[in-house]
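See structure below.
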Amino acid sequence: MSDGVADNVGALVRRLSRLLHRKIADVLVLAVHHKSVGSLGAVAGLAIACIFAWKLLRRSPGRRVGGRRKHRGSPSTSQAVAGDDSLPSEGDLSVGPLKGANAVETVASSVELSLGQIVRKRLGGCRRITCQLLGVILQEKTPEELQKHATIRLPVLEVVKEICKHCDLYLMETVLDDESEERVLSALENSGIFQSGGLIKEKVLFCSTETGRISFVRQLEADWHIDSNLDIISQLSRFIRFQLYISQMESGQIAPNVFTSTSLEQLFS
């Protein structure tokens, strides 16, 4: 019912109320001065009229609340009373696309993760990692260079330390002589990587051939292997759960279990 019709009915009820008020006064006077059957009938009629007026007032289409009309059919009251399932209750604030895992992803994407959190997320469930030294931990790219010097890549140090906190890490490399081994171990020790915990000298392995590195990885049963030699990556793809190929090619995935990155730290950036 529209507001205009409701106002007309309200005005009619008010006029009827004033009319009944006057009639009540007249009948009471008549009943006091003339105690007759007609007077009693008038009183009975008045009672019936009062009941009718009261019922009519209850059926009024709107009620005045605080000077404003509040309709029964307003969404705020009907849904609250009916308990509409489309509205979240006080104990369930996860609505629509924010439910379940989507909520976790949404929250995580809006918060900047620390390096440790990123490493745990990337390597979740990883037990053991094997990693080549040349081109990954060291700046040198060939065994011949190690015969002259060994230099640690500083940007990768923090990543290696975080990996050691959560996984069993083994470093390995192909060298041409014992002096190259000593240079590599000395460079690692001077970087402080052994003092950070998790990595010890016994976990730095050396071999004289590429086949020896493949054998190391398979014997250790690593969950992840990191290498810059694509041939070794290919040979190990059947035996290792995941591998990271360090290459200057665009980062991505070249096989279901083989990922590529320009550097180890880039993977966790």
For this session: Can you tell me the order of 198-206, 248-256 when each peptide is scored by its average per-residue count of other Cβ atoms within 10 angstrom, highest first?
Result: 198-206, 248-256
For this session: Assign unit charges at the C-beta atoms only (+1 for Lys and Arg, -1 for Asp and Glu), then state the dipole size of region 115-267 relative to its Cα centre in Debye, rounded to the nearest 20.
Result: 780 debye
Exercise. For LYS165 and GLN219, what is the calculated FRET efficiency with R₀ set at 30 Å and r taken between the beta-carbons, to the nearest 0.05?
Worked result: 0.80
Seminar exercise, completed: Extend 7 Å from the Cα of ILE118 along its Cα-to-C-beta direction; within region 178-216, residues with backbone N under 20 Å of that point are none
Problem set entry | Simple spin-label estimate for ARG238 and GLN147 in nanometres, 7 Å along Cα-Cβ | 3.5 nm
Seminar exercise, completed: Those GluC sites (Glu not before Pro) from region 123-168 that are DSSP loop and have at most 10 other Cβ neighbours within 10 Å turn out to be none
Problem set entry | Where the Cα pairs of region 115-267 fall when distances are cut into 10 Å bins, in % | 11, 45, 38, 6
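Bear in mind that the values in this text are calculations on the coordinates, not laboratory data. The model shown is predicted, which means the values in this text are computed figures rather than measured ones. Neighbour counts run over all protein chains shown; Cβ positions are idealised from the backbone, glycine included.
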